[in-house]
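What follows draws every value from the coordinates through simple rules; no lab data is involved. It should be emphasised that the depicted structure is a prediction, and the values quoted were computed from it without experimental measurement. Positions of Cβ are generated from backbone atoms using ideal geometry, with glycine treated the same way; all protein chains shown enter the neighbour counts.
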Amino acid sequence: QFTPRVFSGIKPSGGLTLGNYLGAIKRFVGMQGAMETMYCVVDLHAITVWQDPKELSHATREVAAGYLAAGLDPSQSILFNQSRVSAHAELGWIFNCVARVGWMNRMTQFKDKAGSNAEKVSLGLYAYPSLMAADILLYHATQVPVGEDQKQHVELTRDIAAKFNHDYKTDFFPMTEPVIDGPATRVMNLRDGSKKMSKSGESDMERINMRDGADLIAKKFKKAKTDPEPLPDTLDGLKGRPEARNLVDIYAALSDTTSEAVITEYAGAGWGRFKPALADLAVDRLAPISDEMTRLMDDPAEIDRILADGAERARTIAEPILSRTYEIVGL
Ligand code: ADP
Ligand code: NA
């Protein structure tokens, strides 16, 4: 009943990390061509926490440049930024009236981000998953490639679709599937193996940025926290060793192989051998993308043109779906 369609997005809220690359962008590229794909720069999500207006449009172009440099092609994928398609905000409001406060209260990412400060964060941060449901369902997207951290939000999207369909006695919205596959759907912080690597983490040493230079990448991996043991000869030997497992998973994702294959190749290797090999591999994969991002960022008007064109194409899909939603609701 629903045409296969992929939707996903990244917030322009700081420099892209290796987590964004492996958990999102690289996988976005992998799905391109097989079906209709739409990749958004979710700027309305970025402003749920303070963004300097002077930096936001730059950050939006940077994410777009990351998409393009990594291989997303505007003739094959719709690339756009969220705020240019006002239907996101409109459907988001309707979903605010469908989602329940109790559902939002169970969102672990909100609890993590708000911490003990839940009274002081923006209402937008709280409602974020409902806007995310709108991003996805506005296009009747059937698949959403995301990192592990977004799984709960895609489940909430399904809950919203199901409640809408039930309340209004319709089957208008699809049950979107999260796509969480490959070895690196949860790249961890290099200094603390219990936290994910994030754009907005405290220290730059805890993450690899897509645009870090070769020396910095080598230094960050060298200083990455590990245990003193060498690599085991089976993946089972990495149980209870989250930092070691993380570096093996990153290696696997960067080299398009499995973590098992990496362990087979490096069985018994110490960190003095594995970390430099990992750094070389990361530089080899990231440097060309970073160089291309630099080239693209030299021509911001061209990026804006690509995003504007994508927004126009997105609108042609969104508008009939929003109008029909209004009709169903009685608006
Ligand atoms: P961030 O958390 O870095 O601010 P976003 O919230 O914009 O990034 O997430 C964009 C996409 O990148 C999502 O699909 C998210 O799951 C993925 N992602 C973010 N961090 C990681 C990570 N450390 N490992 C794997 N995927 C990640
Ligand atoms: Na995230």
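Loop-located trypsin sites (Lys or Arg not before Pro) across region 37-144 with a Cβ neighbour count of 15 or fewer within 10 Å are 100, 106, 120, with loop assigned by DSSP. Grab the beta carbon distance between residue 155 and residue 214, set R0 = 41 Å, and tell me the FRET efficiency rounded to 0.05. Taking R0 as 41 Å, the efficiency between residue 155 and residue 214 is 0.55.
3J(HN,Hα) along region 305-317: 5, 4, 5, 5, 5, x, 5, 5, 5, 4, 4, 5, 7 Hz, from the Karplus curve 6.51 cos²θ - 1.76 cosθ + 1.60 with θ = phi - 60°, whole Hz, x for Gly and Pro.
Farthest towards the positive end of the charge dipole of the chain, among the residues 15, 278, 102, is the Cα of 102, using unit charges on the Cβ of Lys, Arg, Asp and Glu. Around the Cα centre of region 204-294, unit charges on the Cβ atoms of Lys, Arg, Asp and Glu (plus for the first two, minus for the last two) sum to a dipole of about 360 debye. Once backbone amide H atoms are built at 1.01 Å from N, residue 78 has 37, 38, 39 as its partners under 5 Å, excluding neighbours fewer than 5 places away on the same chain. Going from the fewest other Cβ atoms within 10 Å to the most, the residues 93, 271, 50, 103 appear in the order 50, 93, 103, 271. Of all DSSP-defined beta bridges confined to the chain, some 10% are antiparallel rather than parallel.
Of the cross-linked pairs 11/163; 196/220; 120/163; 26/219; 11/54; 223/275, those separated by over 18 Å at the C-alpha level are 11/163; 120/163; 26/219. Dipole orientation for region 105-178: of the candidates 176, 115, 165, 115 has the Cα lying most toward the positive pole (charges on Cβ; Lys, Arg +1; Asp, Glu -1). Among 40, 97, sorting on how many other beta-carbon atoms sit within 10 Å of each Cβ, with the fewest leading, yields 97, 40.
Separation of region 64-140 from region 4-47 is 12 Å, based on Cα centroids. Adding -39500 (n - 2.57) for every DSSP H run of four residues or longer, then dividing by how many residues the chain holds, sets the calculated 222 nm ellipticity at -16500 deg cm²/dmol.
Using unit Cβ charges (K, R positive; D, E negative) and no other charged atoms, how large, in debye to the nearest 20, is the dipole of region 78-234 about its Cα centre?
Around 400 debye, computed over region 78-234.
Stretching the chain fully between residue 123 and residue 267 yields a gain of 46.9 nm (0.36 nm per residue, less the alpha carbon separation). The relative contact order of the chain, computed from alpha carbon pairs under 8 Å that lie at least 6 residues apart in sequence, is 23 percent.
When a/c reaches 1.5 or more, the comparison of a/b and b/c decides; with that in mind, is the chain rounded, prolate or oblate per its Cα gyration tensor? Prolate.
Straight-line reach from residue 199: taking Cα to Cα under 18 Å and skipping same-chain neighbours fewer than 8 places apart, the aspartates and glutamates in range are 43, 52, 55, 62, 112, 148, 149, 212. For the pair residue 76 and residue 171 in one chain, pulling the backbone fully straight at 0.36 nm per residue adds 31.3 nm over the alpha carbon distance. By the beta-carbon count within 10 Å of each Cβ, the least crowded to most crowded order of 168, 266, fewest first, is 168, 266. With the simple model of a label 7 Å out from the Cα in the direction of the Cβ, residue 203 to residue 58 spans 2.6 nm. Normalised by the number of residues in region 204-294, the mean separation of alpha-carbon contacts (under 8 Å, six or more apart) gives a relative contact order of 38 percent.
The phi-based Karplus calculation (6.51 cos²θ - 1.76 cosθ + 1.60; θ = phi - 60°) puts the 3J(HN,Hα) values of region 210-227 at 4, 9, 5, x, 4, 5, 5, 4, 4, 5, 5, 5, 4, 8, 4, 5, 9, 8 Hz, whole numbers, x for Gly and Pro. Couplings for region 6-20, taken from phi via the Karplus curve 6.51 cos²θ - 1.76 cosθ + 1.60 with θ = phi - 60°, read 9, 10, 7, x, 9, 7, x, 10, x, x, 5, 10, 4, x, 5 Hz in order; Gly and Pro are left as x.
Put simply, the amide H of residue 9, placed in the peptide plane, has neighbours under 5 Å in 40, leaving out anything fewer than 5 places away on its chain. A cut-off of 5 Å between modelled amide H atoms, ignoring neighbours fewer than 5 places along the same chain, links residue 179 with 144, 146. With the charge dipole of the chain set up from +1 on Lys and Arg Cβ and -1 on Asp and Glu Cβ about the Cα centre, the Cα lying farthest toward the positive end among the listed residues 137, 48, 326 is that of 48.
Projecting label points 7 angstrom from Cα along Cα→Cβ for residue 162 and residue 234 puts them 3.8 nm apart.
Think of each Lys and Arg Cβ as +1 and each Asp and Glu Cβ as -1; about the Cα centre, that makes the dipole of the chain roughly 740 debye. Model label points for residue 258 and residue 2, set 7 angstrom from Cα along the Cα-to-Cβ axis, are 3.0 nm apart.
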